[in-house]
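Engineer: Submitted below is the structure of interest, expressed as structure tokens.
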Amino acid sequence: MTRRLFKEQTILFALYGFTICGCLVLAVILATVFIKGSPAISGAFLFEESRNFGLEGGIFYQIVGTLILMAGAALVCLPVALGSVLFQTEFLHSPQIKKLFRLLIYSLNAVPTIIFGLIGYLFFGVFLEAGVSWVTGVLILAVMILPTLHVSIHEAVESIPKHYREAALALGLSPGQQMRAVILPQSLHGIVTGTLLGLARAAGETAAIMFTATAFSGVKLPQSWTEPVTTLQTHILVLAQEATNPLALTNAWGAGLVLLMIVFVLIAVTLWIRSGLQMEAQR
Amino acid sequence: MTENAIQLEQVRLSYSGKAVIETASCRIRKNAVTAVVGPSGSGKSTLLRTLCRMNDRLPGFQVEGSVIVLGRDIHDPTLNVYELRKRVGMVFQKPCVFPKSIVENVTFGLKFHASPNGKGFSERAEQSLRDVFLWDEVKDRLDDPANTLSQGQQQRLAMARTLAVDPEILLMDEPTSALDPKSSRAIEDLILSLKDRHTLVLVTHNVDQAERVAEDLICVDEKTICHKPCHPLPASVTLDPL
């Protein structure tokens, strides 16, 4: 008995230890970014364009570029993800094909992002002649966040109580009417959560868009479909390469802090909307 | 001779080749209450759900023989199955209300079947709630969430939602099994009040209930069904096969 108790205590202690380690790593990263990045943050830093290759000025167009890519990716990806989920849950009847479909989506999630960049550039940039442009970036990011959105929406649709579907079916509603009346309203929390998490993933992505959609300097707002944008990720990477210059490094940390804040805000909004919509659905 | 609302001829119901009901032949009269009784797992609910093709998406489910509902074979490829389900409504064992207001629950199906301008929705909703004797209890709080109602009220609300789309046949799958005795009696009174305008088919495992409300009885057992008028109900329910 004592031995068993000792064993349990040891396991519990180890679990606490691992949890604290995980939290500590996150805390150290956040604290470092905050401490090193906060001196750079000011109104001018957020709302001015960068000058002298990022050593002076702010990161306004980098923030705008990041937001353009994120919003564009979500706008392109959402209808595709929603459509593929509804096709899988409402129209695909064979369990084997459903399983294959799920496997494909999960496999897509495991593809390294640089491969997305490469194939995306060859297809959208070269084959469809979009070149190094924000459109290429949006399309690559849209494909990349598709599994995140698909899984989140799929889980929400699958968790709709069976009796809701049956009640709608028994009232003579067609599949389209069932989607409007039951499936979409009841899975709204999953749709919103998936979109925001997808956005957060897109915000953190660098490799796939580095050479396909972005340019470091001399770029403001894109004036046409084929122009690149500049993003926070590219800005941080290029400034970090000039690590010997303390000014460049401070600005890189500042841009990192802003990027982190964008992701955090998205996650916070996700959690807030999710809990609100779930409460609404359970009302 | 009384007109039939439903007619089954040599019907076999099976899941992946395994028979749930081996052979079923019966007629269900129009504007009468027919009770389907039998032990648990005998296939009562499967039989009932077959009448409005609710089992269509169950993997491996198969129907053989002819199922005629309101004069049409329901497995005719040209039949509009959504129109069939509108004409043959179904109420389930567990009260199911949507996370919406009381009035939105009543008009839930109606808004997809009625004219798009939505004229007369409130009148139809009121009439349906009156039909299920719920109007006086909820008329002052129609916009309250439906799940604030008691279980018995929720079941009557589910019936009102079904009645709002004006079905000719109402199928009920053990509608009182999740309810207390008082609410069960309210549903039984409701069933009796509806039979002048609707054909009612009630699945129940309660023979006393079947005796109270039904004019005809279908007994499902041993993968077959038998059929007989049930007034007076035989002391031992041993009925002759049709």
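None of the figures in this text is laboratory data; all of them are computed from the coordinates on show. Remember, it's a predicted structure, so these values are computed and weren't measured experimentally. Note that we place each Cβ from the backbone using ideal geometry, even for glycine, and neighbour counts take in every protein chain shown.
Engineer: Using the Cα centre of segment A:131-283 as the reference point, and only Cβ charges (+1 on K/R, -1 on D/E), how large is the resulting charge dipole? Debye, rounded to the nearest 20.
Structural biologist: With only Lys, Arg, Asp and Glu charged at Cβ, the dipole is about 320 debye.
Engineer: In addition: Within segment A:173-204, which residues have the backbone N less than 18 Å from the label spot 7 Å out from A:Phe264 along Cα→beta-carbon, could you tell me?
Structural biologist: In segment A:173-204, the label zone of A:Phe264 (backbone N under 18 Å from the point 7 Å along Cα→Cβ) covers A:197, A:200-201, A:203-204.
Engineer: What's log10 of I(q)/I(0) for chain A at q = 0.10, 0.15, 0.17 Å⁻¹, Debye sum over Cα points only, no solvent?
Structural biologist: So the normalised log intensities work out to -0.68, -1.14, -1.28.
Engineer: Taking the Cβ of A:Val85 as the centre, find all other residues whose Cβ is under 12 Å away and add up their charges (Lys, Arg: +1; Asp, Glu: -1).
Structural biologist: Surrounding charge for A:Val85 is -1.
Engineer: I'd like the orientation of helix B:181-194 relative to chain B: the angle between its Cα long axis and the longest Cα principal axis, in ° from 0 to 90, rounded to 10.
Structural biologist: On a 0 to 90 degree scale, this one is about 80.
Engineer: Pull out a ≥ b ≥ c, the square roots of the eigenvalues of the alpha-carbon gyration tensor of segment A:168-234, then state rounded if a/c is under 1.5, prolate if not and a/b is larger than b/c, and oblate in the remaining case.
Structural biologist: Since a/c reaches 1.5 and a/b is larger than b/c, the shape of segment A:168-234 is classed as prolate.
Engineer: Order by neighbour count: A:Cys77, A:Cys21, B:Cys96, fewest other Cβ atoms within 10 Å first, most last.
Structural biologist: Sorted ascending by nearby Cβ count, the order is A:Cys21, B:Cys96, A:Cys77.
Engineer: Using only the alpha-carbon atoms of the protein assembly as shown as identical scatterers, what base-10 log of I(q)/I(0) does the Debye formula give at q = 0.13 Å⁻¹?
Structural biologist: -1.16
Engineer: Here is a follow-up. Would you please put B:29-36, B:208-215 in order of how densely packed they are, using the mean number of other Cβ atoms within 10 angstrom per residue and starting with the highest?
Structural biologist: B:29-36, B:208-215
Engineer: OK, next. Quickly work out the A:Asn245-to-A:Leu92 label distance, labels modelled 7 Å from Cα along the C-beta direction, and quote it in nm with one decimal.
Structural biologist: 5.1 nm
Engineer: If you wrap a convex hull around the alpha carbons of chain B, what volume per residue comes out, as a whole number of Å³?
Structural biologist: In chain B, the Cα convex hull volume per residue is 133 Å³.
Engineer: A further question follows. Can you compute the FRET efficiency between A:Leu46 and A:Arg180 using 1/(1 + (r/R0)^6), with r the Cβ-Cβ distance and R0 = 51 Å? Round to the nearest 0.05.
Structural biologist: That pair, A:Leu46 with A:Arg180, gives E of 0.75.
Engineer: Quote the charge dipole size of segment B:4-229 about the Cα centre in Debye, to the nearest 20; the model charges only the Cβ of Lys and Arg (+1) and of Asp and Glu (-1).
Structural biologist: 400 debye
Engineer: Taking chain A as the reference, fit the longest principal axis to its C-alpha atoms, fit the long axis of helix A:134-158 to the helix C-alpha atoms, and give the angle between the two in degrees, 0 to 90, nearest 10.
Structural biologist: Approximately 30 degrees, to the nearest 10.
Engineer: Among A:Tyr106, A:Tyr164, A:Tyr121, rank each residue by its count of other Cβ atoms within 10 Å, from fewest to most, as a rough exposure measure. Spell out each step's value before the answer.
Structural biologist: Details: A:Tyr106 12, A:Tyr164 19, A:Tyr121 23.
Placing the least packed residue first, the sequence is A:Tyr106, A:Tyr164, A:Tyr121.
Engineer: Testing the spin-label approximation: label points 7 Å from Cα along Cα→Cβ at A:Thr10 and B:Glu83. State their distance in nm.
Structural biologist: 7.4 nm
Engineer: Further, regarding this structure: Is the shape of segment B:69-127 rounded, prolate or oblate, going by the alpha carbon gyration tensor and its root eigenvalues a ≥ b ≥ c, with a/c under 1.5 for rounded and a/b larger than b/c for prolate?
Structural biologist: oblate
Engineer: If we restrict to alpha carbons, what Rg and Dmax does segment A:169-283 come to, in Å?
Structural biologist: Taking only Cα atoms of segment A:169-283, I get Rg and Dmax of 20.7, 71 Å.
Engineer: Next question. What do you get for Rg/Rh over segment A:78-184 if you use C-alpha atoms and the Kirkwood form of Rh?
Structural biologist: Looking at segment A:78-184, the ratio lands at 1.09.
Engineer: Normalised by the residues of chain A, what does the relative contact order come to in percent, with Cα pairs under 8 Å and at least six apart?
Structural biologist: Worked out over chain A, it gives 26 percent.
Engineer: Can you work out ³J(HN,Hα) from phi for every residue in segment B:22-30, in order, using Karplus 6.51 cos²θ - 1.76 cosθ + 1.60 and θ = phi - 60°, giving whole Hz and x for Gly and Pro?
Structural biologist: After applying 6.51 cos²θ - 1.76 cosθ + 1.60, I find 6, 8, 9, 9, 6, 10, 10, 6, 5 Hz.
Engineer: Arrange A:Trp134, A:Trp272, B:Trp135 by Cβ neighbour counts within 10 Å, fewest through most, would you? All intermediate terms of the calculation are to be shown ahead of the outcome.
Structural biologist: Values: A:Trp134 27, A:Trp272 10, B:Trp135 16.
The fewest-first ordering by Cβ neighbours comes to A:Trp272, B:Trp135, A:Trp134.
Engineer: Using just the Cα positions, wrap segment B:1-125 in a convex hull and report its mean projected area in square nanometres, one decimal place.
Structural biologist: Convex hull of Cα atoms, orientation-averaged projection: 10.2 nm².
Engineer: Further question on the same structure: Note down the net charge around A:Ile105, summing +1 for each Lys or Arg and -1 for each Asp or Glu among other residues with Cβ under 13 Å from its Cβ. Could the numbers behind the result be given before it?
Structural biologist: Details: positive: A:Lys98, A:Lys99, A:Arg102; negative: A:Glu155.
Here the charged neighbours net out to +2.
Engineer: Still on this structure, I have one more. What net charge do the residues around B:Arg212 carry, taking every other residue with its C-beta under 14 Å from that of B:Arg212, with Lys and Arg at +1 and Asp and Glu at -1?
Structural biologist: So the surrounding residues net to -4.
Engineer: How well do other chains shield peptide B:102-113, expressed as the mean number of their Cβ atoms within 10 Å of each residue Cβ?
Structural biologist: On the way: counts 0, 0, 0, 1, 0, 0, 6, 8, 1, 2, 10, 4.
The mean count of partner-chain Cβ atoms within 10 Å per residue comes to 3.
Engineer: Need one word for segment B:86-207: rounded, prolate or oblate. Basis is the Cα gyration tensor (sqrt eigenvalues a ≥ b ≥ c); a/c below 1.5 gives rounded, then a/b vs b/c decides.
Structural biologist: Verdict is oblate for segment B:86-207.
Engineer: Give me the angle, in degrees from 0 to 90, between the Cα long axis of helix A:60-86 and the longest principal axis of the Cα atoms of chain A, rounded to the nearest 10.
Structural biologist: Around 20 degrees separate the two axes.
Engineer: With a cut-off of at most 13 other beta carbons within 10 Å, and DSSP calling the residue loop, which trypsin sites (Lys or Arg not before Pro) in segment B:51-130 qualify? Please list them.
Structural biologist: When the trypsin sites (Lys or Arg not before Pro) of segment B:51-130 are filtered for loop state and at most 13 Cβ neighbours within 10 Å, B:Arg57, B:Lys119 remain.
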